[in-house]
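Colleague: First the structure, which I've put down as structure tokens, then a few questions once you've had a look.
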Amino acid sequence: MTNQYAAPVRRPGAVTFIGAILYIQAFMAVVALLTMLIWRGSVLDYLEKEGSPISGAAYNGTLIAEGIMAILLFFVATGIMRGNRGVRFLVAIVQGISMAAAIYGLTAHHVGGYVYRSVFSLFVGVFVLWALYGNRESDEYFHQH
């Protein structure tokens, strides 16, 4: 049971950093969506001219997916910033899957780009998991809310 009269625990800087990055990703997804909407006709004309198999329906699906991603990123960022333990766990699961894919990439593909991306993904995953679970301040913050 938490003490309702205890001083509130400040959000750790690492958690704020992760939340800010998630908000930036959400904003960039909105920018991508708007850009794709504004130049939809031009892009589809160019794809058709180049013989691309991407149809208008596939493009619309991409628009919908980008919009959903923007909304999800916004809610996840808000949850992290507010200390939601369920969102914290969700982010940990996603990072775990990303790290598993990175390990697979390191073992299955020994080509420069795959190796660099996999190593970067592992570093990001370790940082995110440390920021959310690996220090006392984060535990206190998420258990307060």
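Colleague: Check whether at least one residue in the range 71-86 is of a type in the set (S, T, N, Q) and more than 20 Å from H145 (Cα to Cα), and report yes or no. Steps first, please.
Modeller: Going through the range 71-86, the residues of a type in the set (S, T, N, Q) turn out to be 78, 84.
Imposing the further condition that a residue be more than 20 Å from H145 (Cα to Cα) reduces the set to none.
No, the range 71-86 contains no residue that is of a type in the set (S, T, N, Q) and more than 20 Å from H145 (Cα to Cα).
Colleague: OK, next. On the basis of being at pLDDT 95 or above and either charged (D, E, K, R) or assigned to a helix (DSSP H, G or I) (or both), does A20 make the cut?
Modeller: So A20 fits the description; yes.
Colleague: Shifting gears a bit: Has the range 55-62 got at least one residue that is surrounded by 15 or more Cβ atoms within 10 Å (Cβ to Cβ), polar (S, T, N, Q) and not in a helix (DSSP H, G or I)?
Modeller: no
Colleague: Can you report the number of residues in the range 95-107 which are over 28 Å from L33 (Cα atoms) and surrounded by 15 or more Cβ atoms within 10 Å (Cβ to Cβ)? Give the derivation first.
Modeller: Here is the first cut: in the range 95-107, the residues over 28 Å from L33 (Cα atoms) are 100, 103-107.
Going one step further and asking which of them are surrounded by 15 or more Cβ atoms within 10 Å (Cβ to Cβ), we end up with 105-106.
Counting residues in the range 95-107 that are over 28 Å from L33 (Cα atoms) and surrounded by 15 or more Cβ atoms within 10 Å (Cβ to Cβ) gives 2.
Colleague: With the structure loaded, tell me whether H110 is within 15 Å of R11 (Cα to Cα), exposed (fewer than 13 other Cβ atoms within 10 Å of the Cβ) and either out of contact with any strand residue (DSSP E or B) (no Cβ under 7 Å at 6 or more places or on another chain) or among the aromatic types (F, W, Y) (or both) or whether it fails that test.
Modeller: Details: within 15 Å of R11 (Cα to Cα): no; exposed (fewer than 13 other Cβ atoms within 10 Å of the Cβ): yes; either out of contact with any strand residue (DSSP E or B) (no Cβ under 7 Å at 6 or more places or on another chain) or among the aromatic types (F, W, Y) (or both): yes.
No, not satisfied.
Colleague: Now a separate question. Just give me the residues in the range 113-145 being of a type in the set (G, A, S), assigned to a helix (DSSP H, G or I) and surrounded by 12 or more Cβ atoms within 10 Å (Cβ to Cβ), in sequence order.
Modeller: Result: S118, S121, G125, A131, S138.
Colleague: Residue under question is G41, and the condition is that it be assigned to a helix (DSSP H, G or I), surrounded by fewer than 17 Cβ atoms within 10 Å (Cβ to Cβ), at pLDDT below 95 and not assigned by TED's automatic domain parsing to the domain that holds L132; does it hold? Can you show your working first?
Modeller: Numbers: assigned to a helix (DSSP H, G or I): yes; surrounded by fewer than 17 Cβ atoms within 10 Å (Cβ to Cβ): yes; at pLDDT below 95: yes; not assigned by TED's automatic domain parsing to the domain that holds L132: yes.
Yes: the conditions hold for G41.
Residue-by-condition table, conditions (1) of a type in the set (K, R); (2) free of Cβ contacts under 8 Å to residues at least 60 places away in the same chain:
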site	(1), (2)
P8	no, no
R11	yes, no
F17	no, no
Y23	no, yes
A26	no, yes
V30	no, yes
L37	no, yes
R40	yes, yes
Y46	no, yes
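Colleague: Give the range 120-138 a look and list any residue that's of a type outside the set (F, W, Y) and out of contact with any helix residue (DSSP H, G or I) (no Cβ under 7 Å at 6 or more places or on another chain), or say none.
Modeller: At the first step, the residues of the range 120-138 found to be of a type outside the set (F, W, Y) are 121-122, 124-126, 128-129, 131-132, 134-138.
Passing the criteria: V124, V126, G134, N135, R136, E137.
Colleague: May I pose another question? Collect the residues in the range 98-116 that are within 21 Å of F127 (Cα to Cα) and of a type in the set (A, V, I, L, M), keeping them in residue-number order.
Modeller: If the condition is that a residue be within 21 Å of F127 (Cα to Cα) and of a type in the set (A, V, I, L, M), then M99, A100, A101, A102, I103, L106, V115 are the ones that fit.
Colleague: Return the residues of the range 69-94 that are more than 13 Å from the chain's Cα centre (by Cα) and surrounded by 15 or more Cβ atoms within 10 Å (Cβ to Cβ); say none if nothing qualifies. Please lay out each step first, then the result.
Modeller: Taking the range 69-94 and keeping what is more than 13 Å from the chain's Cα centre (by Cα), we get 81-86, 89.
Of everything in the range 69-94, those that are more than 13 Å from the chain's Cα centre (by Cα) and surrounded by 15 or more Cβ atoms within 10 Å (Cβ to Cβ) turn out to be M81, G83, N84.
The values are calculated or read from the model by the stated rules, or taken from the named source; none is laboratory data. Please read these numbers as outputs of a predicted model, since none were measured by experiment. A quick note on method: Cβ atoms are made from the backbone with ideal geometry, for glycine too, and the neighbour counts reach across all protein chains shown.
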